[in-house]
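I have placed the structure first, in the form of structure tokens, so that the comments after it can refer back to it.
The values are calculated or read from the model by the stated rules, or taken from the named source; none is laboratory data. Nothing here was measured: the structure is a model prediction, and the numbers come from that model. Ideal geometry is used to build each Cβ from the backbone, glycine not excepted, and the neighbour counts take in all protein chains shown.
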Amino acid sequence: MNDDTAQQRRIGSGFDARSTADDVLEGLDLSGRLALVTGGYSGIGAETTRALAKAGAQVVVPARRVEAARENLAGVEGVEVDELDLGDLDSVRAFARRFVASGRPLDVVIDSAGIMACPETRVGPGWEAQFATNHLGHFALVNHLWPSIEAGGARVVSVSSTGHHASPIRWDDVHWAHGYDKWEAYGQAKTANVLFAVHLDKLGRDRGVRAFALHPGGILTPLQRHLPKQEMVDRGWIDEKGDILHPEWFKTPQQGAATQVWAATSPRLDGIGGVYLEDCDIAEPATEGSRTGVKEWAVDPAQAARLWELSAEMTGVDAFAA
């Protein structure tokens, strides 16, 4: 363990891997609070939206598929949907301008949208789609929304994954110009999600903004849409009929939403930030051969600062630039 992972210690939250989003919000009244949840209409994002709204929060759900979002969230009170494509920086900028112009401070931002293990895909100026969508789109969104985030003293929650174990940042080829591997590309993007939270917390804490990253757990949701059925069979996730083979390996969407909701709202995290969470608690440093905990490369402040600088250069936005 080094100084960078020293704060990665469990605090005994009272919750665990089987806790649900409703469990962690029990007794909390979020009336008057405004949350923004990307991907908040599908999978664990939809459960996050429902749980926050049930606890009284107003929830903004920016969505690439606006009509699908409205359909999926029909009947959920206190939710508004707007258009946003994280793979298109013009769309990110336009959404953020609309939101900031509304003059509303944000209490919570949950960057929950993402893609996983897709075939090699290029977006924008030839960027690798997983790094661009999962990281750069959220980086640009948070920086463009900074006036509203700072005004609300928000918590910013970056949804990563244990997938970050698969790859650190490939500084010499972040966009996979050579030798694309869909799982390593996903791993790099998830490492970027953690490093983003580390540096955002450093920049924002003196302004009342804290940031967290997390692994929500293994959940079978539309996130797996790019995976051939046979690959999931070969991995032992499902059988040939599509039924889950090992329920103990997976969380329900309600359980999968719990850690990000806990990160966004728990009083236990007051005064804390820049840490990686799993199973509704602060995660321990990863040990050799383990698939739990956080890798040192994902919480290294020097790499976090380097990634921030690179991301600002790529997206053309940095709310903290002199």
Within the range 151-169, restricting to residues that are free of Cβ contacts under 8 Å to residues at least 60 places away in the same chain and over 21 Å from G289 (Cα atoms), the one that is surrounded by the fewest Cβ atoms within 10 Å (Cβ to Cβ) is G153
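Taking the range 177-194, which residues are touching a residue at least 24 places away in the same chain (Cβ under 8 Å) and within 23 Å of G39 (Cβ to Cβ)?
Keep residues of the range 177-194 that are touching a residue at least 24 places away in the same chain (Cβ under 8 Å), which gives 180, 182-183, 185-194.
K182, W183, A185, Y186, G187, Q188, A189, K190, T191, A192, N193, V194 - these are the residues of the range 177-194 that are touching a residue at least 24 places away in the same chain (Cβ under 8 Å) and within 23 Å of G39 (Cβ to Cβ).
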Within the range 18-40, work out how many residues are at pLDDT 95 or above and farther than 20 Å from N193 by Cβ.
15
Here the residues within the range 269-322 that are in a loop (DSSP other than H, G, I, E, B), acidic (D, E) and farther than 30 Å from V92 by Cα are D279, E284, E288
Working carefully through the options E184, E248, E240, E231, find the one that is acidic (D, E), modelled with pLDDT of 95 or more and closer than 24 Å to G43 by Cβ.
E184
Among the residues of the range 85-126, how many are touching a residue at least 60 places away in the same chain (Cβ under 8 Å), acidic (D, E) and within 27 Å of R50 (Cα to Cα)?
2
Which of the helices (runs of 4 or more DSSP H) contained wholly in the range 1-91 include at least 3 residues that are over 30 Å from P125 (Cα atoms) and not acidic (D, E)?
21-25, 43-54
Restricting the first residue to the range 282-309 and requiring it to be touching a residue at least 60 places away in the same chain (Cβ under 8 Å) and crowded, with 18+ Cβ neighbours inside 10 Å, which pairs with a second residue that is among the hydroxyl-bearing types (S, T, Y) and in a strand (DSSP E or B) meet a Cβ separation below 7 Å and a spacing of at least six or different chains?
A283/Y276; V294/Y276; A298/Y276; V299/Y276
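Looking at A189, is it more than 27 Å from A286 (Cα to Cα), in contact with a helix residue (DSSP H, G or I) (Cβ under 9 Å, 6 or more places away or on another chain) and crowded, with 21+ Cβ neighbours inside 10 Å? Walk me through it before giving the result.
Numbers: more than 27 Å from A286 (Cα to Cα): no; in contact with a helix residue (DSSP H, G or I) (Cβ under 9 Å, 6 or more places away or on another chain): yes; crowded, with 21+ Cβ neighbours inside 10 Å: yes.
Considered against the rule, which asks whether it is more than 27 Å from A286 (Cα to Cα), in contact with a helix residue (DSSP H, G or I) (Cβ under 9 Å, 6 or more places away or on another chain) and crowded, with 21+ Cβ neighbours inside 10 Å, A189 comes out as no.
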